[in-house]
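All remarks here apply to the structure that follows.
The values are calculated or read from the model by the stated rules, or taken from the named source; none is laboratory data. Being a predicted model, the structure only gives us computed values, none of them experimental. Glycine also receives a Cβ, built like all others from the backbone with ideal geometry; neighbour counts cover every protein chain displayed.
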Amino acid sequence: EAAVTQSPRNKVAVTGGKVTLSCNQTNNHNNMYWYRQDTGHGLRLIHYSYGAGSTEKGDIPDGYKASRPSQENFSLILELATPSQTSVYFCASGGDWGQDTQYFGPGTRLLVL
Amino acid sequence: GDSVTQTEGQVALSEEDFLTIHCNYSASGYPALFWYVQYPGEGPQFLFRASRDKEKGSSRGFEATYDKGTTSFHLRKASVQESDSAVYYCAFYDTNAYKVIFGKGTHLHVLP
């Protein structure tokens, strides 16, 4: 069954530390996305990718980097985590030309102390 | 710029009530329109879509009709159940940037 998985599901980090959130998809979609979700803001796009080796800035990229080493994997990297990055992060695949529906993972809850 | 506006941030109803969640979009071109639903503790999931004017999308008793004239895609259900309690997102596909533009979501609470 096609799926999007995320790891870890929960993470506690310290301010100034490095955090890597991982996402894997078995949908064979070209496009992958990282969102954060906060009360009052809905889903906000951080970075996305059109395929292996590509990353694009979304609407709120500051403080985040992304890496797409393969078709299946897309990582979100917080080099210097801050408390303002405490949030729930969702990865999604899809949104390709001809496959415009997005499929979301279960989310990662990140707390930065 | 391109955007989706959901008028209601929160909606509280009793079981068997009629539901309307309003969605208006601003987009260049002729985008596909979507509704996604997010249950507590889960990621958003696709509910249904419509891709041309006057097309009706539907799933699980929910429906919406693409109206290009009023740039709207309002979500309706005739009789809600407690299990429909969730956050509902209206969205459209930006064909220029290959990404989906989401509204801020509407939190539906259905009381038994």
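Count, please, the residues in the range B:16-38 that happen to be modelled with pLDDT of 95 or more and not in a strand (DSSP E or B).
Number of matching residues: 4.
Can you find a residue that is facing chain B (nearest Cβ under 8 Å) and either assigned to a loop (DSSP other than H, G, I, E, B) or among the aliphatic types (A, V, I, L, M) (or both) anywhere in the range A:62-80?
Within the range A:62-80 (the criterion being facing chain B (nearest Cβ under 8 Å) and either assigned to a loop (DSSP other than H, G, I, E, B) or among the aliphatic types (A, V, I, L, M) (or both)), the answer is no, since none of the residues qualifies.
Within the range A:60-93, track down each residue that is buried (at least 22 other Cβ atoms within 10 Å of the Cβ) and under 23 Å from residue B:41 (Cα atoms).
A:74, A:76, A:89, A:90, A:91, A:92, A:93 - these are the residues of the range A:60-93 that are buried (at least 22 other Cβ atoms within 10 Å of the Cβ) and under 23 Å from residue B:41 (Cα atoms).
Check the range A:34-54 and report whether any residue there is assigned to a strand (DSSP E or B) and in contact with a helix residue (DSSP H, G or I) (Cβ under 9 Å, 6 or more places away or on another chain).
Yes, that holds for at least one residue.
How about the range A:94-110: which of its residues are modelled with pLDDT under 95 and in a strand (DSSP E or B)?
Within the range A:94-110, A:94, A:95, A:96, A:99, A:100, A:101, A:102, A:103 meet the criteria.
Mind listing whichever residues of the range B:78-89 are under 28 Å from residue A:34 (Cβ atoms) and more than 10 Å from chain A (Cβ to nearest Cβ)?
B:85, B:86, B:88
Residue-wise test of (1) among the charged types (D, E, K, R); (2) on the phi > 0 side of the Ramachandran plot; (3) under 14 Å from the mean Cα position of the chain (by Cα).
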position: B:45; (1), (2), (3): no, no, yes
position: B:49; (1), (2), (3): yes, no, yes
position: B:54; (1), (2), (3): yes, yes, no
position: B:63; (1), (2), (3): yes, no, yes
position: B:66; (1), (2), (3): no, no, yes
position: B:70; (1), (2), (3): no, no, no
position: B:90; (1), (2), (3): no, no, yes
